[in-house]
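Shown next, in structure tokens, is the structure this report addresses.
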Amino acid sequence: MPKYEDVIDLYDDNGKRIAKDIPLEAISPLRNNAIKKIVSLTKRTCAISLAGTEKALKTGSMTGGGVIIKGKEIDIPLVENADKIAELVKEKVQVYEGDGTVVEVKSGGKNIVVVVPEERMNAGIEYTTGFTTTAAAATEAIIDYFDIPMYKANMVKAAVWGRYPQTITFQGANVKSILEVPQNNEGAGFALRNIMANHVVALVNRNAMQGTALSAIFEQCGSYEMGDMIGNFERGGLLSLAYQGLNANNMLYTLVKKNGKTGTVGSVVGSLMERAIEDGVIRVKETLPSGYKVYTTDDLPKWNAYAATGMVAAIMVNVGAARAAQGVPGTILYYNDLLEHESGLPGVDYGRAEGVGVGMSFFSHSIYGGGGPGLFHGNHVVTRHAKGVLIPAVTAGNCLDGGTQTFSAEATSGLFKEVFGDLPEFSQPMQYVAAEAKKVKKKL
Amino acid sequence: MAYKRQFYPGSSVPAKNRRRYMDPKVKLKKLRDVAMDDVVRIMGHRNPGEDYKSIHPPIEEGKEPECPIRKLVVPIEGAKHGDRVRYIQFTDSVYFAPISPYQRAWMYLSRYRGVDTGTLSGRQIIEVRERDLEVMAKEMIDNETFDPALTGIRGATVHGHACRLDENGLMFDGWQRYVWDDEKKEVVYVKDQVAIPLDRRISVGKPDTMANLRKKTTIFRADGVDMRDDKEVTMYGLRIHKLRTLGGYQPWKVKGE
Amino acid sequence: MSDPKAPAADYAGKPLPEVQIMTNRLLSAETTEKVLNALDVIPNIRQINMTGESIPRMINSGPAKGMANNHTEHQTITVGGREVELKYLVGAFYIELDVEDEEILDVRLEQIKAACNEHIEHGYNLQVGRYSKYKPTLHDYRSA
């Protein structure tokens, strides 16, 4: 018996129906195996930059901050021997044959992608196991294979791990994880919110619908982890994930299609109102003397999911028309304000998204230092308040950038594209989540 | 069912004006015709006649990343050409300027696409691909939302929106980008929006009378129309505040509020 | 606009009355000069301070930084035969009166109003009180 009465149809990024009559619970991260796999791979997957390590050892320039350690340079051909190192790494990381360990050489030996087995994750409680396992294995593999003497071995450690533990983060490390160290998280449960919009953009190859979906998955999983999707709050979060992230009932796609050619943020607000009235989510409460109609709803969480979907549509239309990501914060802010004035109902996340839009405009327009919208994630001091629904819109906008950003996804997140790029769970999450949802439906 | 947008509550003059400016179906009155080359000069991003500089190669259909949304959303002209993103910024006086910065944002996003806009206390910036910006900027300078005396085109040092007017009724500008032509009774720009002197004087015409401005403005003021006297507007603010609060607490319990 | 010859902060030790004239419009250099010269002849005026909106001599930020501002109202005016550089578009006068009793104060006020009425076209608001410091406070003892 499903927990919630809500039933949705899931549509893909081209507006094609891929799953019918899906109970809301079937897209819950607690039930849906595709989402679980995305989360699992996110924490288990790391990349070793052999080219970077080789250069660091050869020049002594390592651990970031312009540090060069002279006199202990090590000139060893790591890239050339990538296959051998990969073999050694696998030996060290793998628990038993067939445990899901992956060690793959990429870019002709410049990088090695490592997926640490679940067994190791399960034997600890921190997601950093992915990083520490990979880094330690790489360090040992290099020392062993090239027979590095004891008094130079510390250079290998520094080249691979970076300056940690003198620093809190793995500063200057040549092993990269898409997740930050826990100490950099704003609070409990923020790990999956600490993924830059640009990383997601790179993972989905700039497909705005898929980017929205993947960001929504990360953010809503974060909501569970933060304790924001427990009890009565769960349904609201799932509705947002469904409509905003997974194009439930094709609302997002239809809104964009309707407004794509000539529409504005304002016309998206109009289309959303129309849809919400048609679907019976909102209705007129009273008409004021000026003729202004005050709308009300009997299902505020659902209205919120509708509003969140409209927000992404507004971004897709306005920022998409500009092919310039810088308009993201402004669009978030004024979309919500226009919607509130239009309907008399609260904007996305009950006003929080609008508030974030104000701060984010400030922080992403060189008024307060540099940095474009692509660098934002849900762990940022100005974005963390609108949980679950804000970052998907940011990702959507960044996917649609035509090359205006200094901090583009290509510049900041190329490595992660290489690491996760082949995994369909990350490049086409809409299809994968829908397929798994169908399976869950049968069980409910 | 075709939904008809209602924009903003209220029966007062500022409320009605707000709706008017926001409604893309309303064609705003053109009050003057400043030559496009002069608009380009005042903005100062390029010389008239000069080619547009680009920040990325032109967008060609079929060569964009594989994304269904890109196929649905048509890029604006400047985006197609890979233009730089440039800006124009207006400062609006609190003394019954035709529009105030915040309503500019509402208006821009209801009337134009591909716009990045931001409001600060007394000014409003619009950042758009250059060739689209020029078209927008000309419209904004020519139409009824611009008053030569009470609207300033100011890229930096925008101070003045809340200052007393000068003896000629002009909004204060420490950089004096525009001056009063006492013979013609017109406002004349002598510097561009960042105060680099212009090589010619550009007239933006005669300021409106205060009596007319009070009828055109979107600004609620205690000595004009007090916002508290428009019950619908006051009700709206309280309503949103209440619903945001209730939604932030237990949204599932909010029914028919 | 502090004059180097202005009396020291602790000159009186007691508050002399000050007339605050807040103009409805910011005054041009020409009007400011006329107002000051009309006030200058009134007896018992100890000092006149003015304030308003700053007009920089140079453009102080943005791409035109360092260029001359050439603001038409940044002028040197002549008051009572002395030259005064106007760095502001003046919007307020603070006139300190060295008067012994209210009778003389009232006479002077009428003279000040007459001077203002003649030259301040768009009106002003006049109040009598004390608006600036007349004795040292803690702030004056802090090290620089």
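The values are calculated or read from the model by the stated rules, or taken from the named source; none is laboratory data. Please read these numbers as outputs of a predicted model, since none were measured by experiment. Quick reminder, even Gly has a Cβ in these numbers, built from the backbone with ideal geometry, and neighbours come from all protein chains shown.
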Open item on the list: Which condition from (1) more than 9 Å from every other protein chain (Cβ to nearest Cβ); (2) within 20 Å of the chain's Cα centre (by Cα) is the one that residue A:320 breaks?
Closed with: (1)
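Report whether or not residue B:77 is among the acidic types (Asp, Glu) and touching a strand residue (DSSP E or B) at 6+ places or on another chain (Cβ under 8 Å).
yes
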Open item on the list: So in the range B:203-224, with the set limited to residues that are hydrophobic (A, V, I, L, M, F, W, C) and surrounded by fewer than 20 Cβ atoms within 10 Å (Cβ to Cβ), which one is nearest to the other protein chains (Cβ to nearest Cβ)?
Closed with: B:210
Open item on the list: Go through the range A:6-50 and report how many residues are buried (at least 18 other Cβ atoms within 10 Å of the Cβ), more than 14 Å from chain B (Cβ to nearest Cβ) and in a strand (DSSP E or B).
Closed with: 10
- [ ] Scan (1) surrounded by 21 or more Cβ atoms within 10 Å (Cβ to Cβ); (2) without any contact (Cβ under 8 Å) to a residue 24 or more places away in the chain; (3) under 24 Å from the mean Cα position of the chain (by Cα) for the single condition residue B:195 breaks and write down its number.
- [x] (2)
Task: Unmet requirement for residue C:102, which otherwise passes all of (1) closer than 24 Å to residue B:163 by Cβ; (2) out of contact with any His (no Cβ under 9 Å at 6 or more places or on another chain); (3) without any contact (Cβ under 8 Å) to a residue 40 or more places away in the chain - done: (1)
Open item on the list: Please determine whether any residue of the range B:34-49 is facing another protein chain (nearest Cβ under 10 Å) and either crowded, with 18+ Cβ neighbours inside 10 Å or touching an Asp or Glu at 6+ places or on another chain (Cβ under 8 Å) (or both).
Closed with: yes
Task: Hits in the range C:55-80 (condition: assigned to a strand (DSSP E or B) and either surrounded by 13 or more Cβ atoms within 10 Å (Cβ to Cβ) or not polar (S, T, N, Q) (or both)) - done: C:58, C:68, C:77, C:79
Open item on the list: Any residue at all in the range A:148-158 that's assigned to a loop (DSSP other than H, G, I, E, B), out of contact with any strand residue (DSSP E or B) (no Cβ under 8 Å at 6 or more places or on another chain) and more than 17 Å from residue A:130 (Cα to Cα)?
Closed with: yes
Open item on the list: Please determine whether any residue of the range C:81-97 is assigned to a loop (DSSP other than H, G, I, E, B) and within 14 Å of chain B (Cβ to nearest Cβ).
Closed with: yes
Task: Residue pairs meeting the criteria (Cβ under 6 Å; at least 6 apart or on separate chains; first facing chain A (nearest Cβ under 7 Å), in the range B:60-77; second crowded, with 19+ Cβ neighbours inside 10 Å and assigned to a loop (DSSP other than H, G, I, E, B)) - done: B:65/A:206; B:67/A:206; B:67/A:207; B:68/A:13; B:72/A:260; B:73/A:260; B:75/A:323; B:76/B:114
Open item on the list: So, in the range A:385-427, exactly how many residues are at pLDDT 95 or above, assigned to a helix (DSSP H, G or I) and aliphatic (A, V, I, L, M)?
Closed with: 5
TODO: Taking the options C:121, C:73, C:53, name whichever one is of a type outside the set (A, V, I, L, M), within 11 Å of another protein chain (Cβ to nearest Cβ) and in contact with a Cys (Cβ under 7 Å, 6 or more places away or on another chain).
DONE: C:53
Open item on the list: part of a helix (DSSP H, G or I), more than 9 Å from chain B (Cβ to nearest Cβ) and at negative phi: which single residue out of A:359, A:327 fits that description?
Closed with: A:359
Open item on the list: I need the strands (runs of 3 or more DSSP E) fully contained in the range B:99-213, keeping only those with at least 1 residues that are modelled with pLDDT under 95 and within 26 Å of residue A:339 (Cβ to Cβ).
Closed with: B:116-119, B:123-129
